[in-house]
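To start, the structure itself, in structure tokens.
The values are calculated or read from the model by the stated rules, or taken from the named source; none is laboratory data. Just so we're clear, the structure is a prediction, and the values are computed from it rather than from any experiment. Reconstructed Cβ throughout: ideal geometry from the backbone, glycine too, with neighbour counts over all protein chains shown.
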Amino acid sequence: MTKIAVIIPDRGDRPTFTANCLRMIAAQTLQPSQIIHVNDKPKGQLPDITYRYRTGYSQVNKDIDVIAFIENDDWYSPTYLENSAELWHNSGKPDLLGRTETIYYNINERAYFTMKHSNRSSAMNTLIRPNLKINWCKDSEVYTDLHLWYNVPNIHKVIIPQPLNCLGIKHGVGLCGGKNHTDYLHRYINKDDDMFWLMSLVDNESYKFYNESF
């Protein structure tokens, strides 16, 4: 069985999201062999998600096969890790595995959009092998995913379609990434005023959390 680790970058500034994230991980059909919750005290007001991914990556156990980046404010289905591990195995166990599209749901706007990409993946649904030689970008760089997909040479990268089993949740809470996704490009064109679409997708506990907390 594939031994998978999860890295959760956190700054302690959105504890309700963290609690919901840990609940979703506990419900996974494939349980991670290691959970790395990087919740170091921030050194300043700049976003530092790259620092947290880099720190977590350096702490992965030697027997881990692959790592999932889990962002604590996003939604993951109970089969997310099992499905991801299977896709990774069936794709030849690449150094970097990602998905061809990401769906972002804005709680405050109650709307969503789909971002399609053929040569990179969002961090929230990226898998990476341990022990790679990575020249990480600046700790304050918020787009760690773009750096890994575009600027790390000599690694095997695979990008594939995926079932709809995770959502990027945007809300404007916290400096770990949430404040960097305002709708200045007006991309949230699929309105979900009554949250029926979200309710049809996510588990009941997550729907209750998103519906009652904002």
Review point. Is there any pair linking a residue in segment 135-154 that is hydroxyl-bearing (Ser, Thr, Tyr) to one that is surrounded by fewer than 12 Cβ atoms within 10 Å (Cβ to Cβ), with Cβ under 9 Å and at least six apart or on different chains, and which?
Key: 140/44; 150/119
Revision key, fill the gap. Selection from segment 158-175 of residues within 14 Å of residue 117 (Cα to Cα), buried (at least 16 other Cβ atoms within 10 Å of the Cβ) and over 15 Å from the mean Cα position of the chain (by Cα) yields 158, 159
Review point. With (1) in contact with a Cys (Cβ under 8 Å, 6 or more places away or on another chain); (2) modelled with pLDDT of 95 or more; (3) among the charged types (D, E, K, R) as the list, and residue 73 as the residue in question, which single condition is left unmet?
Key: (2)
Review point. Got a number for residues in segment 40-78 being within 19 Å of residue 172 (Cα to Cα) and surrounded by fewer than 21 Cβ atoms within 10 Å (Cβ to Cβ)?
Key: 4
Point to revise | Among (1) more than 19 Å from residue 71 (Cα to Cα); (2) at pLDDT 90 or above; (3) charged (D, E, K, R); (4) assigned to a helix (DSSP H, G or I), the one test that residue 212 misses | key: (2)
